[in-house]
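Student: Dropping a structure here in structure tokens format, bear with me for questions.
The values are calculated or read from the model by the stated rules, or taken from the named source; none is laboratory data. Please read all numbers here as calculations on a predicted model, not as lab measurements. Backbone-built Cβ (ideal geometry, glycine too); neighbour counts: all protein chains shown. Side chains are part of the model used for accessible areas, which takes the heavy atoms of the whole protein and leaves out ligands, DNA and RNA. Shrake-Rupley method; radii C 1.70, N 1.55, O 1.52, S 1.80 Å.
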Amino acid sequence: NGTPLRPQSPTNPNGASAAELEQFGEALAGDYTVSRRRIKPNLGLSGALGNRFQIGQDIELGVLGAFRYDNSWRDLNETRRQFAVLGNGDLVKTSELDFDRTLQDVELSVFGLVGIDFGSNHRLKSTSLLLRSTEDQAQVATGYPEDPGDVSRFTELEYIENQLIAEQIAGEHRFPALADLNLNWQYTLAEASRESPNTRNYRFDRDNNTGVFSFARRADSNQTDFDDLTDNSDDFSLALKLPLALNDDSSLDLNAGGAILRRDRDSSIRRFNFIAVGPDANNPDLTTGRSLDQIFGPELIGPNGFELRENTRATDNYTASQDLDAAFASADLNWRGKYRLSVGFRFEDNQQDVSTFALGQPGQEPLRSVLDNQDWLPSAAFTWVLAENDQIRASAARSVSRPEFRELSPAPFTDPLLDLETIGNPALQQSDISHYDLRWEHYFSYSESLSVGAFLKNFDLPIERIQVPGTGNLLSFANAESAQNYGFEADYLSGLGVLDERLQSFYTAANFSWIESSIELGAANDIQTNSSRSLQGQSKTVLNLQLGHKTDDGRSDATVLYNVSGRRISEVGIFGAPDIYEQPFDSLDFNWRYRISDGWTFKFKLRNLLDSRVEFKQGAETTREYRPGRSLSLGVEWRPGAGSHD
């Protein structure tokens, strides 16, 4: 009933009795054993069906339904190391763990749309969406967490269920009697949830004399968590557009509108563990060489053995809300098909309130984080058509980056990329960003182009992920003083027929970015090692290459894709320790699509052909490394009537 589990005592007469604690413990314990077995091939299914129906002379009804199901497995073997910095600046290894992890991902999406057109001027539509994703993980880590001479084994069993349900109704209207005024509106109601019930973590330590692993006697030897999060949002937006013809080849569009967003979130974590309260819990004959299912069996749960306790933290629960009101206006001038100028602004009034509270202590003041910002966000863009196939674009704009709810609460969560426990910072502020872009574009044909652009971004109070001092691998967030990104980008897409007619069926695409970034830490530099460095997570270079082949009849289409990004800071170093860099990762994929017959298509995909190593380095030392593995995918698609449209 939302109250902590506490045993009876003179100061807590309403707590659980010994008999109740035994009953609860026996009900909670179980299903700890990890075993090895062969995993099954991945399986995916998808389908879509739609049609249009004429109702009367001016009314047309359209329906569309689609679904997608995917069941996939991943097996990862990874090594993680931690280092401490010595007085002379050298790094010494303090821990090393080898992880063996298997994950099963199941994804389901269902989409439905009903639309109705009233002549050519009015359209209504309703869209329903269900997204559901589950991840089931079994993980065993073996190695030394503190002393190289002592080996331990850590097991984690976790099931995560994410779900989004959304319903949207929208309308598009044109009023010829009002100079073709356009009115577009939409209302979206959504609920997102995340549930992770019965996450189990436990530890076994090895006896260096016998080599036998025994259940650890430490206070953190076992943990069972229940996580539950629900996020609701209501979103309404409206936009008006008035098209004006200035002359035969010039036009002006005037736009205005607004939006309202209301969000609320309820996040809860409950933590439980078994503690030794009786002599049986310390009897090596009952705990050595046995599985945890045997140790936490009914005969050892009770006053003579282990007893269930709750150890939920004071920061494990929070509620949050966001109220965002916005209005915008813009003008879009197209002058004689040669010049186009767009100017506008957006005003946003945003309030975010995150309250982190201790469960079962209603009298204790919650820890609140409140953001109250009113922002004017101007923008301007100019396009100059130099010739039939060439144009120049220039733009400038201001935007904001707001902290997420979880980044404002000290409630812990696991960073999905680094797989490290992370807590928020209630003192975070939003970041303001100014954007400047200049780009030249040349079109060889309607589908072939070359563009080169330069950009500059200035950040005020950028948000960065940092390591919490004295906590090992615990991460958090902090605002730096300012930061800057600048560089250039080039895009190219063209067929190879311009080189030789025999290469007419081949095409290439390439994208290259060179980015310089710098950051001024200000107050955030109290503990960070480097006062001058690039932005966290920002690679200096990014390269994408693609080579494709398509037959003249369109039956076969094959592509080879290569991607690599330069090294980037993964974790910022503190107290003299170097920054941890994620090293470049070479990715090579192959896709082939072949139309067997009218309506039937065969698909063949190969992922990560090079099977490169994912590697993180701190100075010359490797803190984390693994290979994601290769994958092969076969698919068959049937589209009735597709052949008649090829």
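Student: At Leu43 and Tyr187, where each label point lies 7 Å from the Cα along Cα→Cβ, what is the point-to-point distance in nanometres?
Tutor: 4.1 nm
Student: Still on this model: Scan around Leu474 for amide H atoms under 5 Å from its own, H built in the peptide plane at 1.01 Å from N, and keep only partners 5 or more places away or cross-chain.
Tutor: Those qualifying (amide H under 5 Å, at least 5 residues apart or on another chain) are Val468.
Student: Highest mean first, how do 473-483, 424-434 rank when packing is the count of other Cβ atoms within 10 Å averaged over residues?
Tutor: 473-483, 424-434
Student: Moving to a separate point now. Tell me, in nm to one decimal, what length is gained between Leu609 and Glu195 on full extension, where the rule is 0.36 nm per residue of separation less the Cα-Cα distance?
Tutor: Working: separation 414, 0.36 × 414 = 149.04 nm, distance 3.47 nm.
Result: 145.6 nm gained on full extension.
Student: Solvent-accessible area of Trp440, probe 1.4 Å, all protein chains present, reported in Å² to the nearest ten, please.
Tutor: Counting only protein heavy atoms, Trp440 exposes about 90 Å² to solvent.
Student: Moving on to the next point. Taking all protein chains in place and a 1.4 Å probe, what share, in percent, of the accessible surface of the chain do carbon and sulfur account for? Walk me through the numbers on the way to the answer.
Tutor: Details: 18710 of 34870 Å².
That share works out to 54 percent.
Student: Then there's this: Could you pull out every residue, at least 5 positions away or on a different chain, whose amide H is within less than 5 Å of the one on Asp579? Hs are placed 1.01 Å off N in the peptide plane, and Pro or chain starts have none.
Tutor: Residues meeting the amide H criterion: Gly573.
Student: Long-range amide H contacts for Gly297: which residues qualify at under 5 Å (H placed 1.01 Å from N, peptide plane, sequence gap of 5 or more or a different chain)?
Tutor: none
Student: Over its Cα atoms, what ratio of radius of gyration to 2.2 N^0.38 Å does region 172-261 give?
Tutor: Dividing the Cα radius of gyration by 2.2 N^0.38 Å gives 2.53.
Student: Same structure, new question: Could you check the spin-label model distance between Asn12 and Asn544? Points 7 Å from the Cα along Cα→Cβ, value in nm.
Tutor: 5.5 nm
Student: Tell me, what is the percent relative contact order of the chain, built from C-alpha pairs under 8 Å that lie six or more residues apart?
Tutor: Relative contact order comes out at 7 percent.
Student: Related question: Might you tell me the accessible area per residue for the chain, computed with a 1.4 Å probe and given in Å²?
Tutor: Result: 54 Å² per residue.
Student: Still on this structure: I'd like the Karplus ³J(HN,Hα) series for region 447-463: coefficients 6.51, -1.76, 1.60, θ = phi - 60°, whole numbers in Hz, and an x wherever there's a Gly or Pro.
Tutor: Once rounded to whole Hz, the list reads 10, 10, 7, 9, 9, 9, x, 10, 8, 9, 10, 10, 10, 10, 6, x, 9.
Student: State log₁₀ I(q)/I(0) for the chain at q = 0.08, 0.09 Å⁻¹ as given by the Debye formula over alpha-carbon point scatterers of equal weight, solvent excluded.
Tutor: Cα-only, vacuum Debye calculation for the chain: -0.84, -1.07.
Student: Moving on to the next point. Hey, how many Å between the Cα centroid of region 418-432 and the Cα centroid of region 375-399?
Tutor: Centre-to-centre distance over Cα atoms comes out at 33 Å.
Student: Let me ask something additional. Arranged from highest to lowest average of other beta-carbon atoms within 10 Å per residue, in what order do the peptides 281-293, 399-411 appear? Please list the in-between numbers first.
Tutor: Working: 281-293: 14.8, 399-411: 19.9.
Result, highest mean Cβ count within 10 Å first: 399-411, 281-293.
Student: Output the 0 to 90 degree angle, nearest 10, between the alpha-carbon long axis of helix 18-28 and the longest principal axis computed from the alpha carbons of the chain.
Tutor: It is inclined by approximately 40 degrees.
Student: From the helices alone, meaning DSSP H stretches of at least four residues, give me the mean residue ellipticity at 222 nm for the chain, per-run term -39500 (n - 2.57), in deg cm²/dmol to the nearest 500.
Tutor: So the helix-based figure for the chain works out to -1000 deg cm²/dmol.
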